[in-house]
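Shown next, in structure tokens, is the structure this report addresses.
The values are calculated or read from the model by the stated rules, or taken from the named source; none is laboratory data. Because the structure is predicted, anything quoted here is derived from the model rather than measured. As a convention, Cβ positions derive from the backbone with ideal geometry for all residues, glycine included, and neighbour counts pool all protein chains shown. Side chains are part of the model used for accessible areas, which takes the heavy atoms of the whole protein and leaves out ligands, DNA and RNA. Shrake-Rupley method; radii C 1.70, N 1.55, O 1.52, S 1.80 Å.
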Amino acid sequence: MLQRTSRALVLPGVLVLMLVAAACTGGGGDGGGASESGAAGGAPTTFSVTLSEFTIEPAMIEAPAGQTLSFEVSNTGTVPHTFAVDTTDGVVVTRELANGDTQTLEVPPLDAGDYKIYCTVPGHEDAGMVGTLAVSAEGDTATAAGGSGATGATGATGGMSHGGVSVQEMLDGHEAGVLAFPAETEAVGNQPLEPRVEDGVKVFELTATEVQWETKPGVFVDAMAFNGMIPGPEIRVQPGDKVRIVVRNEMSQPTTVHFHGVTVPNEMDGVPFITQDPIMPGGFFTYEFEIVDPPGMYVYHSHFNSTEQVGKGLYGALYVEPPGGFDRLYGNVDVEHTLFLGDGPLGFVLNAKEFPATIPIVAKLGDDVLIHLSNDGAQIHPMHLHGFHFQVVAQDGFVLDNPYMADTLAVAPGQRFDILVKADYSGVWAYHCHILPHVEGPEGMYGMVTALIVQ
């Protein structure tokens, strides 16, 4: 009997088996931390800071108390970053800096103490973009003007390792994340959307809204959702169906919807000012077409201001199912699971959740597991499954004439794959992106990590 995975299927306590070995090795040592003193007479003390994927250099900055601090910040990475200082009076932060951008950030005089420096883009702090601003009273600063502010490890559990994180903090962070998995959050996506039938036409209703979305416990981000969920609700149809999808816009900006990979009449393609006018706030648009494509996984997503709108959650799955379900394509299917990969404003996410709030895939020993993969992010994600070789059976909605075996599958933006896993080995098996800064840092696993649990 086919089951589609959901959080309710997870048995409490089984996840204690998920050891820290489940993911991959975090990287990087301390940054250099060079600083420069400004001119005398009250001029700011100036520091150069470089941002990239996913580091702040230097990760340790030593500065004098009671003086204005000026940070010359540049981004040499490929994605936007910020530089923030968490002071006792609030967070002082740059704008989002694109590749090659620079900005000077001035921070008012601070009392002696340690202050967090970090990137505020969701997921980037967890990826390693965090460090320490160590402010010392005059005469206490270990670094002369122009010298290095890095600290090294000094003991088995008491030394500093990465960005001011001690070995014990590293151990505690790794363990806490594993024990919390799968952590509960406010809402989940990929819920089925049932149509109503009017004169033989299947009618689906989608409403786009701006929401606060919980990516992991207590972390809420600005997001956009269809029907209040990310990913949006699953639409399931069959070849030959006549389909009507009514999209209502309750956001503060226009939108459209494109049916990615689906063959539709040109006027239904969802591209603003080419095939339709944008759906204005308070408005709606009706998409109507017949399903002529073969069974497989397809996607619907925004095509207006899509870097923001898709990045914030306006996407979902459209399945063309054969009569009798995907068993007809692939043989027996006991468990079916949808997995959207994302890396935009929501952070590094699987189905819009960060570890430990990702939902595991749960199967019984011997089950045949079908996983639908779709990348609606902006980066390639090589997805690696521990403990198994899986069979890649379909790409972009088409069953492959020559399926192949793999344990890691690179999914580019816009691509979809179907993979089959024979759950022959019991245990908790990590499943994660193998770009390491997307999944693990000095304080444990985060981001694009989940697990296949075979019971």
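Remarks
- For the range 272-289, the tally of residues that are surrounded by 13 or more Cβ atoms within 10 Å (Cβ to Cβ) and part of a loop (DSSP other than H, G, I, E, B) stands at 5.
- Unmet criterion (only one of (1) more than 29 Å from VAL292 (Cα to Cα); (2) surrounded by 24 or more Cβ atoms within 10 Å (Cβ to Cβ); (3) of a type in the set (Asp, Glu)) for ASP418: (1)
- Segments classed as strands (runs of 3 or more DSSP E), wholly inside the range 165-248, with at least 3 members that are under 23 Å from VAL310 (Cβ atoms): 201-216, 219-226, 232-237
- Filter pass, ALA378 being surrounded by fewer than 20 Cβ atoms within 10 Å (Cβ to Cβ), small (Gly, Ala, Ser) and assigned to a loop (DSSP other than H, G, I, E, B): yes
- Residue among ASP376, ASP424 that alone is under 18 Å from VAL299 (Cβ atoms) and of a type outside the set (Lys, Arg): ASP376
Residues checked against (1) of a type in the set (A, V, I, L, M); (2) open to solvent by 10 Å² or more (accessible area, probe 1.4 Å):
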| position | (1), (2) |
| --- | --- |
| GLU321 | no, yes |
| GLY347 | no, no |
| LYS353 | no, no |
| VAL362 | yes, no |
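- Checklist (1) open to solvent by less than 40 Å² (accessible area, probe 1.4 Å); (2) modelled with pLDDT under 95 applied to ILE230, failing item: (2)
- Counted as qualifying within the range 44-136 are the strands (runs of 3 or more DSSP E) with 1 or more residues that are open to solvent by less than 10 Å² (accessible area, probe 1.4 Å) and under 27 Å from PHE220 (Cα atoms), namely 45-52, 55-57, 69-75, 84-87, 102-107, 113-118, 130-136.
Conditions tested, residue by residue: (1) under 26 Å from GLN276 (Cβ atoms); (2) modelled with pLDDT of 95 or more; (3) in contact with a helix residue (DSSP H, G or I) (Cβ under 8 Å, 6 or more places away or on another chain).
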residue	(1), (2), (3)
PHE181	no, yes, yes
GLY189	yes, yes, no
PRO192	no, yes, no
ASP199	yes, yes, no
LYS202	yes, yes, no
TRP213	no, yes, no
ALA223	yes, yes, no
GLU234	yes, yes, no
THR255	yes, yes, yes
